[in-house]
Amino acid sequence: MTVTAQPLGIKLETLFSILYCLVITLFLSLSLSVNRGLLILLILVAFALLYKKTRLQTLAKHSVLTKDATKTGVEDEKETDADIPVVICASEERIGAAMATINSVYSNSRASIFFYIVTLRDAISKIREYIEKTKLRKIKYKILEFNPMVLKGKVNPDSSRPELLHPLNFVRFYLPLLAIENHGRIIYLDDDVIVQGDIQELYNIKLKAGHAAAFASDCDLPPTHEMVRSVGMQTTYMGFLDYRKEEVRELGINPSDCSFNPGVFVADLGEWKKQKITKQLEKWMAKNVRENLYSSAMAGGVATPPMLIVFHDIYTTIDPLWHVRHLGWSPDTRYPKSFLKDARLLHWNGRFKPWNYPCVHLDLWEKWFIPDPTGKFTLVRP
């Protein structure tokens, strides 16, 4: 079901109807000497109807998807419960990155994959052209247009890394509100990811009872610990939350608890809705706007901390080989080739992206890169 945005404001005919009823009620009360208490009651009922109309339309104003926001890919292809649903965001400036991720997922799985590609309005036609004019034309997909107005008043417009404030970084907060059909579970992937294993293996993970999602803990992979320490990466809550703030301390989260990276995860949409995860995330976004509980200059920007707070100690852990990360945190610190060969998923989180230069392990990413048929997305190389 497509979520659409409705215009704010009440229709004139509705307003006139309510006012007409009020006038008639007043006339009857005067002509028939109706009890004054009954008159007040009738007026209150009329205003309640007016409020309800206005309230419903106000809520609809900031729907997650904009009107006519879904664009289906392969003609007549529809989602089925046999498909594995994968959500990927594709910003206009990083379309080529998202296409590389999609190519790696599609090429390494025998399962039927359905891609939900979330983007902003300006990139829709470019994404479609990128897919239809390359080998990706065979994939099953739907393009969803995200409505950035849903973030109004929830994110401060300042950051040492502006890309971390891109509206698409917050799509993961609103997964159950996307036009995802026939699926109770989805996989979310960042666009700086390459999948080397069969994504069905990740999709089939067993989530523990009461858990709405599965992530990889930042303390779960010993081979990465030395590299993480060498580049000053944060692996605990201390690096993401400002423990000088009383409200953070009142959470009761030990600052030395292991954090997790929300760039790759499996979500149970039913449990997500049941626990009102989206509302919880929005609550902490709003709090941060008022109190700066997790500065945008800290690790993870402002998109990671709400996830860390809401999912603290209530998430299932995935196999660490399904999220080998930190490849983008240093331009010269490398993992052993044998270790990367066994990895099921590689994540270039950090400043040094594989479509730019410098960056490490470029060959593992370029293997899945598909040149932009329009020539607009190009790699930066020496």
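The values are calculated or read from the model by the stated rules, or taken from the named source; none is laboratory data. These numbers were taken from a predicted model, which means no experiment stands behind them. Every residue, glycine as well, gets a Cβ built from its backbone with ideal geometry; the counts of neighbours run over all protein chains shown. Just so you know, the surface numbers come from the protein's heavy atoms only, side chains and all, with ligands and any DNA or RNA stripped out. Shrake-Rupley method; radii C 1.70, N 1.55, O 1.52, S 1.80 Å.
Things to note:
- Cα gyration tensor, segment 96-152 - rounded (a/c under 1.5), prolate or oblate: prolate
- Placing unit charges on each Cβ (+1 for Lys and Arg, -1 for Asp and Glu) gives segment 231-382 a dipole about its Cα centre, and among Trp365, Ala303, Val266 the Cα reaching farthest toward its positive end belongs to Trp365.
- Rolling a 1.4 angstrom probe over the protein heavy atoms with all chains in place gives segment 253-382 an accessible area of 43 Å² per residue.
- Listed residue pairs exceeding 31 Å between alpha carbons, taken from Lys154/Lys353; Lys152/Lys353; Lys135/Lys276; Lys135/Lys341; Lys279/Lys341: Lys135/Lys276; Lys279/Lys341
- Each distinct pair of alpha carbons in segment 236-370 adds a 1/r term; the inverse of their mean, the Kirkwood radius, is 16.8 Å.
- Rh by Kirkwood over Cα pairs, then Stokes-Einstein D for segment 275-344 at 1.002 mPa s and 20 °C, µm²/s: 145 µm²/s
- Other residues within the sphere of radius under 12 Å centred on the Cβ of Ile84, judged by their own Cβ, net out at -2 (K and R +1, D and E -1).
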